[in-house]
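I'd like to ask you about the structure that follows.
Just so it is clear, none of the values below were taken in a lab; they were calculated from the coordinates. All of these numbers come straight from a predicted model, not from anything done at the bench. Neighbour counts run over all protein chains shown; Cβ positions are idealised from the backbone, glycine included.
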Amino acid sequence: MLLMTSPKKLDGREVLLEHENVHRIMQGGREIILIGTAHVSRESTALVERIIDEEKPDTVCVELCKPRYEAIRQRDKWQETDIVKVIREKRTSILLSQLIMASLQRKIAQKFNITPGEEMLRAIDRASAVGAEIVLADREIRVTLLRTWRMMGFWSKVKFLPDVLLSLFATEEITEEEIEKLKQHDVLELALQSVGEKLPGLKTTLIDERDLYLAHTIGHAPGARIVAVVGAGHVPGIQKHFGEEIDIESLNRIPEKGLWGRFAGWFFSLAIVGLFIAGFFYSGSQASLKMITWWAVITASFSGLGALILLAHPLTIAASAIAAPITTLHPLIAAGWVAGLTEATLRKPQVRDFLALQDDIVSVRGFFRNKITRLLLLVVFVNLTTSIGTFVAIPVIMRFI
């Protein structure tokens, strides 16, 4: 049985539960005190400290996973990133998405002189001070982003990157008063707010599933008195699902690619090769040769253009152009990966690039100036322009059949 109350006194203790962002859940003799915060709010940070100091809970749950905790606790961890390994393991888009979201959060936080995630760090520090156990309650960010990506349709993915990049401009006019109002939203929801309006399916994996995950983790945390510090946007969902039987394994499962997703690349490649063969049989060897030539010229031009726009090294531009006619016919390799690996070899990021990353992600100029973020953008952008070139080339070569 669950009972949600907001008393001002409990067992003789003066508590701060009259605050609109503090909620008490009673469950079988256990007390769960849920604090809804804005992740860049001074008020939220102070409130978290006061509640933990006064309540002296057995356990403190925070809306962090291990990678996110390490990212805000060890701010120099970027220096250990192997950017070549990231490209080879095809994790470019995941890392770029994380950096863009970190950029939005840091931009707001920098404007109001507060450390991103400070209320989570303070919660952990105060938990240690009062002898409370610490539970990292959120789902791993990599799982969240991969589930989001796998559940998006093809056209949603096509629209996703431009919308996320445009969101870099979204925080210029935000005032401190509006920051406090942002307690009604989770930071990931804020970062992708405009995208979510166009792609409502994102809300399922970014918000709703994490509500379930947080409700399960907090509900199974040890101790009789628990303080849980979460983004305020999660509070209604946690309250709604608290005490329910939740299949946590399904929430951690990364969906397998569907049959079409696994073989679409091969079907596409075979279809293009089939056009070349059809040109040979229906229009002769000269027509087939022209089809292959135009295919190579168009895909190479678009791929090279993508690298040129990102001001890549001349040899990277050449490598992108040379690779494109082949990579567009081979679903296991991509021109963007060739571009990224070539650029990483020719212009290997230095330690100073990793040191500057925290500040560079705050501005669009910094994103393009820093070698790390520019490498990630290069991979994504060359893949995008090469794909555009592929769709431009198809009707051109079909004229020769």
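Fully extended, how many nm does the chain gain between Val273 and Gln27 (0.36 nm per residue separation, minus their Cα-Cα distance)? Please list the in-between numbers first.
Numbers: separation 246, 0.36 × 246 = 88.56 nm, distance 6.39 nm.
So the chain would gain 82.2 nm between Val273 and Gln27.
Fewest Cβ neighbours within 10 Å first, please rank Glu245, Glu63, Glu49 accordingly. Working shown, then result.
On the way: Glu245 7, Glu63 28, Glu49 16.
With the fewest neighbours first, Glu245, Glu63, Glu49 line up as Glu245, Glu49, Glu63.
Right, next: How much FRET efficiency would the formula 1/(1 + (r/R0)^6) give for Asp208 and Glu20, where r is the Cβ-Cβ distance and R0 is 25 Å, rounded to 0.05? Walk me through the intermediate numbers first.
Numbers: r = 23 Å, r/R0 = 0.92.
Once the sixth-power term is evaluated, E becomes 0.65.
Work out, step by step, the length gained on full extension between Ile309 and Arg42: first 0.36 nm times the residue separation, then minus their alpha carbon distance; give nm to one decimal.
Numbers: separation 267, 0.36 × 267 = 96.12 nm, distance 4.02 nm.
Full-extension gain reported as 92.1 nm.
If you take the beta carbon distance between Asn252 and Ala129 as r and set R0 to 25 Å, what does 1/(1 + (r/R0)^6) give as a FRET efficiency, to the nearest 0.05? Don't skip to the end; give the middle numbers.
Numbers: r = 32 Å, r/R0 = 1.27.
With R0 = 25 Å, the Cβ-Cβ based efficiency is 0.20.
Which order results if His241, His216 are arranged by neighbouring Cβ count within 10 Å, fewest first? Mind showing how you got there, number by number?
Numbers: His241 18, His216 22.
The order, fewest Cβ neighbours first, is His241, His216.
In nm, what is the difference between 0.36 nm times the number of residues separating Gln286 and Ile322 and their Cα-Cα distance?
Contour length minus the Cα-Cα distance gives 10.7 nm.
Once R0 is set to 35 Å, what does the formula 1/(1 + (r/R0)^6) return for the Cβ-Cβ distance between Lys85 and Trp294, expressed as a FRET efficiency to the nearest 0.05?
Numbers: r = 37 Å, r/R0 = 1.04.
E(calc), rounded to 0.05, equals 0.45.
Among Ser283, Ser320, Ser301, which comes first, then next, by fewest other beta-carbon atoms within 10 Å? Numbers along the way, then the final one.
Details: Ser283 14, Ser320 32, Ser301 17.
Least to most surrounded, the residues fall as Ser283, Ser301, Ser320.
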